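Encoded as structure tokens, the structure appears first; notes follow it.
Nothing in this text is a laboratory measurement; each read-out follows from the coordinates by a stated rule. These numbers come from a predicted model, not from an experiment. So basically every Cβ, Gly included, is an ideal-geometry build from the backbone, and we count neighbours across all protein chains shown.
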Amino acid sequence: MPWLYYGSQQASLVLADTSLTATYASGSTLNLYLGTYSLSGQFQGFQNASATNQLQLCKDTLAVMQAAFRFGTTYLQECELNADDLFDSDKYPLNFYDPYIFFYDETDGGIPKLLPVPVLNTALLDSTNTLVNTQTSNTNWQLTRRFFLVDNVAGKTSLTDQVPTVVRYAQSIQLTITPQGTTQAGLIYPPLLTITYADLKASKYYGTGASVKVSFSVAYKQTSSTSSQFTENLRIAMGVLSAVGFCYAVLRTWFWARRAGVLSLDAVLVFKLLAYSASAFANAFFITIFGIAFYQLVMYKCTVDIYL
């Protein structure tokens, strides 16, 4: 049975679930399916959004739109839609969608399965009228299951109205994919579908020929543990090389003082120490940054599975 809401304060657990056992490599297809329901609640079947591009309001060639679901591809498509078209329920019928990831469970004999994809609606209000889904931390997020692309029905005040007083549409849709880390090659956590809605008032937009901008994007995100490990390693490398560089600067200053016959601490000696230190720190920073860049380049070129 489909459900509409995840439990409160369960976002961190849902987004860290490891039930998705399919292994993805660069170029693999992320099969996103949409369970589709009509306005009356009738189930209309599953649509393969990776193939039919039902999720994207911006239309392009099939190859371009399908590139969004090629694993490892960061994707962004923006376009402008005629505002009048969004008021037309024939062009944009109101349907509700439950997103799933279709995969073959490699730990269960390759059985095909559907994993629910959580939806983060940034316009959702909690019981205290707080926009909890706009907070940076996911502790208080309220994840949902169902969404729509264009609602041009709820704004009708009567059944005879041809034009709704207001239309709500998905202004921005982002699919965020988080790999499990370098120790779990090719595995990912459940993707997160983030949707930002906007409203169009008929009194302001309808019949004016105005356009509205919409976007669809796919992003890849580091896990906090991977990001923390990288930051810690960077700090260690910078600290060690900076310490070595400072010792080298002190040694160079001492050699210079002996050659120059300087017997006491003066302004010139301090200036030399600062100059040698700046030179040593610059070399340390260059070595660290160059080493990281070279490592990332080599690892990127040699990697089959996706790591962040």
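Rounded to the nearest 0.05, what FRET efficiency do D60 and A123 give with R0 = 25 Å and r taken as the Cβ-Cβ distance? Could you check?
Between D60 and A123 the formula returns 0.40.
Between A185 and Q135, what length comes free when the chain is fully extended (0.36 nm per residue of separation minus the Cα-Cα distance, one decimal in nm)?
15.0 nm
Limiting things to C-alpha atoms, what are the Rg and the maximum Cα-Cα separation (Dmax) for the chain, in angstroms?
So, for the chain, Rg and Dmax equal 27.4, 100 Å respectively.
What does the charge count around D199 come to, taking other residues whose C-beta lies under 13 Å from its C-beta (Lys +1, Arg +1, Asp -1, Glu -1)?
Taking every Cβ under 13 Å from that of D199, the sum is +2.
Mind checking the angle between helix 224-260 and the chain's longest principal axis? C-alpha axes, 0 to 90 degrees, to the nearest 10.
Tilt relative to the chain: about 20 degrees.
Considering the zone a paramagnetic label at S211 would reach in this model (a point 7 Å from Cα along the Cα-to-Cβ line), which residues of segment 60-93 have amide N under 17 Å from it?
60-61, 77-87
Taking amide H positions as placed in the peptide plane 1.01 Å from N, state which residues far from D105 in sequence (5 or more) or on other chains have amide H under 5 Å from it.
Hits under the 5 Å cutoff: G110, I111, K113.
Given springs between every Cα pair under 10 Å in a Gaussian network model of the chain, which of L149, L193, L81 has the largest fluctuation?
L81
Please give the helix 267-302 orientation as an angle from the longest Cα principal axis of the chain, in degrees from 0 to 90, rounded to the nearest 10.
The answer is roughly 40 degrees.
Quick one: what are the phi-derived ³J(HN,Hα) couplings along segment 106-117, Karplus 6.51/-1.76/1.60 with θ = phi - 60°, whole Hz, x for glycine and proline?
Karplus-based 3J(HN,Hα) across segment 106-117 equals 6, 9, 10, x, x, 5, x, 9, 10, 9, x, 9 Hz.
Can you compute the label reach from D266? Point 7 Å from Cα along the Cβ direction, backbone N cut-off under 19 Å, restricted to segment 241-258.
253-258, by backbone N distance to the label point.
What residue among Y92, Q142, L175 has its Cα farthest toward the positive end of the dipole of segment 49-198, where the charges are +1 on Lys, Arg and -1 on Asp, Glu, each on the Cβ?
Value computed over the given set: Q142.
Distance cut-off 30 Å, Cα to Cα: go down the list K59/K204; K59/K156; K91/K221; K156/K213 and report the pairs above it.
From the list (K59/K204; K59/K156; K91/K221; K156/K213), the Cα-Cα distance tops 30 Å for K91/K221.
Can you tell me the length gained on complete extension of the stretch C79 to F281, counting 0.36 nm per residue apart and subtracting the Cα distance?
Gain on extension, C79 to F281, equals 68.0 nm.
What distance in nm separates the two pseudo spin-label positions at S38 and S158, each 7 Å out from Cα along the beta-carbon direction?
Rounded to a tenth, the inter-label distance reads 2.5 nm.
Only Lys, Arg, Asp and Glu count, each charged at its Cβ (+1, +1, -1, -1), so figure out the dipole size of the chain about its Cα centre, rounded to 20 debye.
With Lys and Arg at +1 and Asp and Glu at -1, about 1200 debye.
Can you give the FRET efficiency for I292 and C247, using 1/(1 + (r/R0)^6), R0 = 25 Å, r = Cβ-Cβ distance, to the nearest 0.05?
0.65
Need one number: % antiparallel among DSSP beta bridges in the chain, to the nearest 5.
Antiparallel: roughly 85 percent of the beta bridges in the chain.
What is the extension gain from A237 to S203, computed as 0.36 nm multiplied by their sequence separation minus the C-alpha to C-alpha distance, in nm to one decimal?
Full-extension gain reported as 6.2 nm.
Calculated FRET efficiency, Y104 and R70, Cβ-Cβ r, R0 30 Å, to nearest 0.05?
It comes to 0.95.
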